[in-house]
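Structure, as structure tokens:
What follows draws every value from the coordinates through simple rules; no lab data is involved. Quantities reported herein were computed from a predicted structural model and do not represent experimental measurements. Neighbour counts run over all protein chains shown; Cβ positions are idealised from the backbone, glycine included.
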Amino acid sequence: MVSACLVWVGKVDVFNKFKDNRGNFKESLIKDVRGMLSLYEATHMRVHGEDMLDETLKITTTHLESMVINLSPPFATQMKKLVEAYFEEAIWLKEIYIPTMVEYMSNALISYGYPMLSTISFVGMGDIVIKEVLEWVFKEPNVVIAASIINRLMDDIVFNEFEQKRVHVTSGIECYKKHYSVSKQEMHAEFYKQIVDAWKDINKECIRPTKVPITLLTHVVNFA
């Protein structure tokens, strides 16, 4: 998977490592939804004269639109939400906008890609994944949302200091700091409280009888 933090604007030759000998994107990247989205996001930090980044923006946009068209309706809907969330973050980055925590979390829980990853992870698990199971996960149940919250907030806490050293999309830490006058310790305490509450939601969803086989619930929880 491509990481946007590895694609530093101004060093366009970095993009070459994602291309084959013919100058086309490698097949592995074309099939990597989150990787393609990260690459798309990175191109929005381009400046005048960086023709390769302009080209990359056009190519990634084309591939993302193609992915949406070729997916089944439920997958296409999830993919569309993911693309829109990345577009929103790209706008925030370009305009140096710091959203409210409500705006941030509403978008971040989608852009993090957890709901789609949960869905994709079910593919290939065999007969246990019946139609009703897919319908369940497509609706983004509480266990998926809770796991998304845990992953998003933990990443914000752990990687915040690293992100300050580079151009980056606003994190939850920065949003909270701007809109609430609290100390770092108080801010972390609030984030951990939300993480604990999310784990409680997961525990509740895993109490039998469950809406889907516990094996599948465990599969989702293991991502958290």
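Annotation: the residues M52, M105, sorted from fewest to most other C-beta atoms within 10 Å of their own C-beta, follow the order M52, M105. Using every Cα-Cα pair within the stretch 97-224, state what percent have a distance larger than 22 Å. The share of Cα pairs beyond 22 Å in the stretch 97-224 comes to 41 percent. For K177 and D51, the FRET efficiency from 1/(1 + (r/R0)^6), where r spans their Cβ atoms and R0 equals 45 Å, is about 0.75. A simple charge model with +1 on the Cβ of Lys and Arg, -1 on the Cβ of Asp and Glu and nothing else charged puts the dipole of the stretch 83-224 at about 260 debye relative to its Cα centre. A cut-off of 5 Å between modelled amide H atoms, ignoring neighbours fewer than 5 places along the same chain, links K19 with K26. Over 31 Å between C-alpha atoms is what I'm after, so list which of K81/K193; K94/K177; K178/K204 land there. Result: K178/K204 exceed 31 Å.
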